[in-house]
Each structure stands twice: as C-alpha cells, then as structure tokens.
Amino acid sequence: MMMTGKTQNLGVMGWPVAHSLSPVLQQAAIAAAGLDYAYIALPVRPEDLPAAVAGLRALQFRGWNVTIPHKQAIMAELDEIDEAARAIGAVNTVVNDDGRLKGYNTDCTGCIMGLTAQGFDVRGKRAVLLGGGGAARAIIYGLLTHSAAQVTVGARNAAKIAPLATDFAAYGTVVTMDWQSANFTQALGDADLLINATPLGMVPHVDAMPPVDWAQVKQDAFVYDIIYTPAETLFLRTAREHGHRTLNGELMLAGQGAAALRLWTGVEPDLAVMQQALHQALAGAGV
Ligand code: NAP
C-alpha cells in the first residue's frame, strides 16, 4: 500500500537494530492485511532512550517494538505497564494511545502461539525449561497463565535462577534446580514439554547444546527450541533423532510480532505470512 498523509507509524527500537527481523515480519503482515501503517528500524543508543521515547510520542507514533538493550530500561519511560510485562520484568511492545504510553510483553504470547500452531495444548502439562534468563521468564509466564501444571527450570547456576519460584508464585508452581542434579533427571522423566531457553546451539556455536539425558525423556514429550538460527539446532536434531515432535523459535518470533501488531491495529495478522517472511529472510541471510 502506498504511504499517504494518513499512514500511521510503527517501528522497532534497539541498539544495534540493523539485524532485526521485525521490519520484514511486520511489513509482510501489514501488506497482507492491507493496513495503512509503516514500520521502520529505530536505532537508539542506550543514553538516548528518554529522548527517543519523547520523540516518538511527539511524532505520534502508534507504537513500537523494543529490543536489546532497552527491554528493561524503557519501563521507566512509560505511563503504564501491562501485568504480563510487569511480571516478566521486560517490555517488548509499546502502544501509544493519544500520548499515553503503555508497555506490553508479547514474547509470552508468541511462545504459546508457536505451540498452539503445532497442536500442542499446554493445559495441565508439565514443562521443563533449560535456562532461566529473560526469554525463560516470558515462557514461564505464558505457560502458567495458559494453565500448565508446573514449570521446572534447570540451569548451570541454580542459585541465580532460584528467585523465579517466588517471582511467579502468583501464577503457579515453578521449581528451580541445577541441571546436573539427580532431581533434574527425575523432572526430565515427568516432562510433557522440554524447552531450550539458553543460547546454546545458536549460530556460530552450533555444536553446543544444553545437557539432557535423552534416555529419561518420555517418548511423547514435545521438544521446543526458541533459537531460530540455525533452523534446526543440535538440541532439536538430537530430539528428532530420538523420535520426538519438535519446534524451532521461528513461530515464537512471528507470534510475538503478530501479537504486537494486533495491539496496535486491532486486526488479527496472518501468522503464516509472518512466519514465511521470516523464514525467507533467514534463508536469504544464509543461516
Ligand atoms: P539470557 O537472558 O542471557 O539467558 C540465557 C540463559 O541461558 C541463562 O539461564 C544463562 O545462564 C544460560 N546460558 C547462557 N550461556 C550459557 C552457557 N554457555 N552454558 C550454560 N548456560 C548458559 O538470554 P535470553 O534473552 O533469555 O535468550 C536466550 C535465547 O533465546 C537466545 O538464544 C535468544 O536468541 C533466544 N530467544 C528467542 C526468541 C524467539 O522469539 N524465538 C525470543 C527471545 C530469545 P547464566 O545466567 O548462568 O549465564
């Protein structure tokens, strides 16, 4: 669609931002839905964040995505923070309603959209998460608010992830442990869903993967890696070779974008269009 004086503005704020796939994702969905919006990359140095937010408010941007390194720092610049973003402790989407800025987190929605699109219903399921960083927090929130029975988080440093249990206690049961412990091996045996939320296996370190005793994992357990470069990590390949259903991180990325576009426009975007645009962009980048 041609841009006119009425076209509303959107973008993604990060530093650096040139690598962001959001412009490709969002423009594909905007074009497919025939929406009158423009979506651009917004390079913002950390020290310029308050000025950039004031500028986007002054320019009446309808909203924007927020990526590294601003996901936490932006919270202080907003008028309101949605419950999910508050619980997760990070904002990846801002909506501007007549100058009032509200922060959301759609990574948690994206994670669940990925599973749902594969026909996996998290209700009543036991999940085991490898890694307890920022992405894990969004996944924990998404799983518990979609009625997962329990989330066990394993990581190399159990003390560091221990606060997750209390941080999410209002939403359900989170158990944290050292991923080398006997307890973790037992948790693996109970898991219906196993998720890698570490960067282990991501380009260029494609030979790495988190420690999993595959002999313990139930045959019908669903295995999910939120990494999308490469499309099949060593972790996912190993899971597939053990006969598990698998899913990579493309749908989570497309899903967080779809949820953001829905917040800005009120229109339900075509997730498949977004995933395809993403897939093509990744293939074009040779990853
Ligand atoms: P993060 O906050 O840095 O957390 C990473 C987690 O992995 C931490 O628990 C960390 O443990 C652990 N970890 C990192 N390096 C490790 C190593 N060498 N050995 C063992 N454990 C290690 O990162 P994040 O933001 O959560 O992102 C994690 C991954 O998810 C990244 O690959 C990112 O690209 C991907 N992601 C994908 C999507 C999507 O839409 N598909 C969205 C967000 C993130 P320590 O604290 O001990 O270092």
Next on the checklist: Among the residues in the range 112-131, are any of a type outside the set (Phe, Trp, Tyr), open to solvent by 30 Å² or more (accessible area, probe 1.4 Å), under 22 Å from Asp192 (Cα atoms) and touching a Lys or Arg at 6+ places or on another chain (Cβ under 8 Å)?
Outcome noted: yes
Check: Is it fair to say Thr246 is open to solvent by less than 10 Å² (accessible area, probe 1.4 Å), modelled with pLDDT of 95 or more and more than 8 Å from the ligand (Cβ to nearest atom)?
Finding: no
For the range 263-287, pairs from a residue that is without any contact (Cβ under 8 Å) to a residue 12 or more places away in the chain to a residue that is surrounded by 15 or more Cβ atoms within 10 Å (Cβ to Cβ), with Cβ under 7 Å and 6 or more apart or across chains, are Glu268/Arg262
Scanning the range 142-170 for residues that are away from the ligand (no atom under 16 Å from the Cβ), surrounded by 16 or more Cβ atoms within 10 Å (Cβ to Cβ) and under 19 Å from Gly110 (Cβ atoms) gives Leu144, Thr145, His146, Ala148
Of (1) open to solvent by less than 40 Å² (accessible area, probe 1.4 Å); (2) farther than 19 Å from Gly89 by Cα, Ala197 satisfies every one except (2)
Report task. Restrict the check to the range 174-184 and report whether at least one residue is closer than 17 Å to Thr145 by Cβ and surrounded by 15 or more Cβ atoms within 10 Å (Cβ to Cβ). Result -> yes
Flagged pairs (Cβ under 8 angstrom, 6 or more apart or on separate chains; first in the range 146-169, under 13 Å from Leu129 (Cα atoms) and modelled with pLDDT under 95; second among the aliphatic types (A, V, I, L, M) and within 15 Å of the ligand (Cβ to nearest atom)) are none
Note on the range 231-243: residues open to solvent by less than 50 Å² (accessible area, probe 1.4 Å) and either touching a Cys at 6+ places or on another chain (Cβ under 9 Å) or not in a loop (DSSP other than H, G, I, E, B) (or both) are Leu234, Phe235, Leu236, Thr238, Ala239
query = Could we say that Val212 is buried (at least 22 other Cβ atoms within 10 Å of the Cβ) and away from the ligand (no atom under 13 Å from the Cβ) here?
reply = no
Q. Is one or more of the residues making up the range 195-204 near the ligand (Cβ under 10 Å from one of its atoms), farther than 30 Å from Met274 by Cβ and of a type in the set (A, V, I, L, M)?
A. no
Checked the range 34-77 for anything within 19 Å of Asp98 (Cβ to Cβ), surrounded by fewer than 19 Cβ atoms within 10 Å (Cβ to Cβ) and not charged (D, E, K, R); matches are Ala54, Gly55, Ala58, Leu59, Gln60
In a loop (DSSP other than H, G, I, E, B) and either within 15 Å of the ligand (Cβ to nearest atom) or open to solvent by less than 10 Å² (accessible area, probe 1.4 Å) (or both) - does that describe any residue in the range 266-286?
-> yes
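The values are calculated or read from the model by the stated rules, or taken from the named source; none is laboratory data. All values reported here derive from a predicted model rather than from experimental measurement. Please note: Cβ atoms are built from the backbone with ideal geometry, for glycine as well, and neighbour counts cover all protein chains shown. For accessibility, only protein heavy atoms count, side chains too; no ligands or nucleic acids. Shrake-Rupley method; radii C 1.70, N 1.55, O 1.52, S 1.80 Å.
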